[in-house]
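Where a number appears in this text, it was derived from the coordinates with a stated rule and is not lab data. The structure presented is a predicted model; accordingly, all values stated were derived computationally and were not measured. Here the Cβ is made from the backbone with ideal geometry for all residues, glycine too, and neighbour counts use every protein chain on show.
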Amino acid sequence: MKYTEEHEWLLEEGELIVVGITEHAAEQLGDIVFVELPEVGTEVSKDDEVVVIESVKAASDILAPLDGEIVEVNEALTDNPALINEDAAGTGWIFKIKPSDLSPMDDYMDEAKYNDFIA
Amino acid sequence: MAELRRTPLHALHLELGAKMVPFAGYDMPVQYGLGVMKEHLHTRAAAGLFDVSHMGQVILRGADYKAAALAMEALVPVDIAGLGENRQRYGFFTDAKGGILDDLMLANRGDHLLVVINAGCKEADLAHMRESLAGVEIDAISDRALLALQGPSAEAVLEALVPGVAAMRFMDVASFESDFGELWVSRSGYTGEDGYEISVPEDRAEALARALLASPEVEPIGLGARDSLRLEAGLCLYGHDLSTDTTPVEAALTWAIQKARRTGGAREGGFPGAEVILAQLANGVLRKRVGLLPEGRAPMREGTQLFAGETDEAAIGEVTSGAFGPTLGAPVSMGYVDIDQAGDGTALFGEVRGKRLPVRVAPMPFVAANFKR
């Protein structure tokens, strides 16, 4: 798994990358009450704002970590956004992207580096 | 930046694992371990303990209660002189344009008037009172903390420590000698739940808080849940829902202006902005504070522009408070809208991140009040 400085985790799944936010980020946000998901089929560029997460405190943007196409979103979050608080790295995944350029993956952090980053 | 002030419970907040934030010049707990959502739900299900020591407690003394009350009526459009002994009432300071300088609680404590004012307005309110209230002794209390115990279990929990509080009714005030010194208790709060606010000598505040928290019914609650609780209860937050740009009539607070201070009343007018406010009471206003229920799950937060139609260019209002209501399980907001859009059930649109989302005008409170009348 790779990590961005925006506190996203990226997991390779075949030719797709699954994206979520880290447990650390979920904790910082507090109880999540609403997730605005992108439409499947949307072409995105790296650093586009693709998702809005609203917690009891505020709204936060999630940026596309790579260029590519959104091919799947976690519809379960629509009715139960708290899945992100409960299981940020598992059932709380947010979207899957089919990347057109994988090169930024090399720049993202591994788990040890991310843990240092948030320490 | 000036050093943040600390309440007498500061060390306890840290010990309880609170996340602290600056609020009105104080270092205050925004949430504890439970988090905002669970703290909110716990308060409505059992009882929550809030540190509200940052608020200002001020004693006003004249020759007697009535003298102090009559003097204060020159600043506040409320029947203070007619307030019964050991009773409390909501009110607001108005300015010459009829705008609201602060909202406050007023209590008849027999031989004096006790007011509780917002932390952020404390200094301005004190200066305002000192300047305007000739012949009234104004004592800003600096050696007491203020705790709020709110929720359906509050009565039983506090009665066990302070016998007698259960007999109080909503908006009663009373003093009690206790293991924690002399307590000034009111049966009121800012959550829409039954409960108490308890003024306690600062050196006994932590002991009282610990005694309350020893009950399994009581959890410490931060400012985050305090805000969502008051919003569901339809209660205003000064600086957001109320300001010098809003009059009490626009703010739908006319219920707090008793007959005695209205046109034809025994002490008609005589407060700052009376011409504006009495005219608005007679003739109506152009905009009004209303409750708003967004139809989707997206919260419509403060500043969200409101529109009558999906493609209209001109906004007809704006959200002044908005969040997710944990008890309602849905987003809730309040805001100001043009008077012809203010009827219950009116369908409007709120613009969230460039999208017009449906929202309905709805009666407040959003969650039924649970007071002991």
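Some notes on this structure:
- Look at where the Cα atoms of the stretch A:1-79 and of the stretch B:1-18 average out, and the two centres are 35 Å apart.
- Local net charge near B:L34, Cβ-Cβ under 11 Å (Lys/Arg +1, Asp/Glu -1): -2
- Counting charges near B:D111 (Lys, Arg +1; Asp, Glu -1) among other residues having Cβ under 11 Å from its Cβ returns a value of +1.
- Separation of alpha-carbon centers, the stretch B:302-340 and the stretch B:81-97, rounded to whole Å: 30
- Shielding value for A:29-36 is 6, the average number of Cβ atoms from other chains within 10 Å of each residue's Cβ.
- Three-way shape call for the stretch B:254-362 based on the alpha-carbon gyration tensor, with the a/c threshold at 1.5: prolate
- Built amide H within the under 5 Å cut-off of A:V51, gap 5+: A:I62
- Helix-only mean residue ellipticity at 222 nm for the protein assembly as shown, each DSSP H run of n ≥ 4 adding -39500 (n - 2.57), per residue, nearest 500: -5500 deg cm²/dmol
- Annotation for the stretch B:220-306: GluC sites (Glu not before Pro) lying in DSSP loop with at most 15 further Cβ atoms inside 10 Å of their Cβ are B:E268, B:E295.
- Cβ-based net charge around B:V249, under 12 Å, with every Lys or Arg adding one and every Asp or Glu removing one: +3
- Amide H to amide H, with H built 1.01 Å from N, B:R5 comes under 5 Å of B:Y26, B:D27, counting only residues 5 or more places away or on other chains.
- The charge dipole of chain A, taken about its Cα centre with unit charges on the Cβ atoms of Lys, Arg (+1), Asp and Glu (-1) only, comes to about 160 debye.
- B:A167/B:F371 FRET efficiency (R0 22 Å; Cβ-Cβ; nearest 0.05): 0.90
- Cα-projected label distance for B:L328 with B:L286, points at 7 Å along beta-carbon direction, nm: 2.8
- Averaged over the residues of peptide B:250-260, the number of Cβ atoms from other protein chains lying within 10 Å of each residue's Cβ is 0.
- Rounded D (µm²/s) - the protein assembly as shown, Kirkwood Rh over Cα pairs, Stokes-Einstein at 4 °C, 1.567 mPa s: 53
- Translational diffusion coefficient of the stretch A:2-99 (Stokes-Einstein, Kirkwood radius from Cα pairs, 10 °C, 1.306 mPa s): 122 µm²/s.
- Kirkwood hydrodynamic radius (C-alpha pairs) into Stokes-Einstein, the stretch B:57-140, 25 °C and 0.890 mPa s, D in µm²/s: 197
- For B:S178, distant residues with modelled amide H under 5 Å away: B:L183
- Compactness of the stretch B:10-167 was expressed as the Cα radius of gyration divided by 2.2 N^0.38 Å, which yields 1.17.
- At the listed q of 0.12 Å⁻¹, the Debye profile of chain B, built from one uniform point per Cα, gives log10 I(q)/I(0) equal to -0.94.
- Solvent-free Debye scattering, log10 I(q)/I(0), computed from the Cα coordinates of the stretch B:180-323 at q = 0.16 Å⁻¹: -1.04
- Its Cα centre serving as origin, the stretch B:57-140 has a Cβ charge dipole (Lys and Arg +1, Asp and Glu -1) of approximately 120 debye.
- Average partner coverage of B:299-311, which counts Cβ from other chains inside 10 Å: 1
- Fraction of alpha-carbon pairs over 24 Å apart in the stretch B:138-232 - percent: 16
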